[in-house]
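Beneath this line is the structure, given in structure tokens, with notes to follow.
The values are calculated or read from the model by the stated rules, or taken from the named source; none is laboratory data. In this text the structure is predicted, and so the values were computed from the model without any measurement. Here the Cβ is made from the backbone with ideal geometry for all residues, glycine too, and neighbour counts use every protein chain on show. Quick note on the areas: whole protein, heavy atoms, side chains included, nothing else; ligands and nucleic acids left out. Shrake-Rupley method; radii C 1.70, N 1.55, O 1.52, S 1.80 Å.
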Amino acid sequence: MRRRILTGATVALAALVVSGCAAGGGTDGADGGTVTLEYWAWGTAQKPLVDEWNSTHPDIQVTHTDAGGGSDSSAKLVTAARAGSAPDVALVEYNTLPAMIVAGVATDISEYVGDVEADFAPGVWSQATFDGASYGVPQDAGPQALTYNAARFEELGIAVPTTWAEFADAAAAVRAADPDAYITTFAPAEFGGFAAFAQQAGAEWWTVEDGDWTVGFDDPASVAVADYWQDLIDRDLVRAEPLLTPEWNAQLNEGNILSWPAGLWAAGVINGVAADMAGQWAMAPLPQWEEGDAAVAFQGGSALVVTESSENAEAAAEFATWMANSEEAARIQIGEGQYPASLLGQEMTLESDPPALMPQQTDYWAVAAEIAANTIPDLSWGPNVNVASSAFQDAMSAAVTNGTPLRDALANTEDVVFNDMETSGFTVTRR
């Protein structure tokens, strides 16, 4: 399936968004003066990145604002675009980018960035490409992997699973070897994590062609994934609870939570709450639904987009490209714990030290590069990811609390997403 955001979809929201915003955040440098760009982005890497840019590009200076991450930033961007006060450049998560395009926030920058497409793996570049047009430059990537407590695996005699069937067997073996331990957590509020598991299994929650959308959250692939985790929950083989709570952090530090299937950023998160466990953990490819199929989906990752409001689109695109595809920027990203989206940055990781959580794993970055090369291209996200995420979290959390089937939570999520899209004026059907 080729991912598309087409004119018909944009027209469907014409009454809901304000297009053609009059003024951008930057200052025009056409008179030979300095161009000033406004940039919204979150994360520890962004300030040092902007500082490096400003020190080496005196003709294009950038003002950085941390507008919050993820859905918070996206909501603010839409509001600012409607008011004609959006920044020139903004960091946008891959799964919310379609909504930014439909809402008229992100602009087509193909003419400025087309020559750098070859500097990214196809599966990564496609995250910011729609209907053949580029709406952003990928900055970081978060393909799913298995971050696991290698010391505890060895202590309990657990082999690192390569398939999800082996993972279930390993989960049972962990419980048999240590009644206080679980192989992992099923976190009901992790919309992105479950979505990636389902995408790895072949699910497509949104598709669009010629402006007509199809939604399918309870398709066979997604239901199979829900049933898989349901079985592990029912057999008390995984913890079913939120992540990163004080209780969860304590159990992790005690060695009672043995793995986290998540984006490559997981090592940094675990190190942030369990720094004393450095040297005990390692990373491996995510288990496969079908043996021999190494494809994985993204759980996280973001691209720099140029907004429709910007009066300096070419300069903004130049900045976005440097931020995502220069040696200087990649070095800063790696130092701050990001996995770069560019091939250049990924190659540079091979000369870098492993993350602080697993200093002993000298092949960490080589394994990461192999995983990134197998990311699934052309996956669709819809125009109302924020609605879907909220509905999913509510339905899944209720299912875990009430002991009702996880598959029913998928059906409930689809109902909310479908009704919201109909109300918003989309032509939409169920798969």
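Brief remarks follow.
- Helix axis angle, 313-325 relative to the chain longest principal axis, alpha carbon, degrees: 30
- Helix 364-373 axis, angle to the chain major axis (alpha carbon atoms, nearest 10°): 70
- Options Gly279, Thr349, Gly382, ranked by Cα towards positive dipole end of the chain, top entry (Cβ charges): Gly382
- Cα gyration tensor, region 262-325 - rounded (a/c under 1.5), prolate or oblate: oblate
- Taking the longest Cα principal axis of the chain as reference, the axis of helix 70-82 is set at about 20 degrees.
- Fluctuation leader among Glu291, Glu314, Glu209 - the chain, Gaussian network, Cα springs under 10 angstrom: Glu291
- Region 290-431, relative contact order [Cα under 8 Å, separation at least 6], %: 16
- Only helical runs count toward this figure. For the chain, summing -39,500 (n - 2.57) over DSSP H runs of n ≥ 4 and dividing by all residues gives -12500 deg cm²/dmol at 222 nm.
- With every protein chain in place, the chain: carbon and sulfur % of accessible area (1.4 Å): 48
- With R₀ fixed at 56 Å, the C-beta to C-beta distance from Ala176 to Asp394 puts the FRET efficiency at about 0.95.
- In nm, spacing of pseudo-spin labels at Arg430 and His57 (7 Å Cα→C-beta vector): 4.8
- Pairwise centroid distance, computed over Cα atoms, of region 67-141 with region 401-429, Å: 26
- The overall shape of region 95-217 is prolate: from the C-alpha gyration tensor, with semi-axes ordered a ≥ b ≥ c, the ratio a/c is 1.5 or greater and a/b exceeds b/c.
- The chain: C-alpha gyration tensor shape, a/c 1.5 cut-off, then a/b vs b/c: oblate
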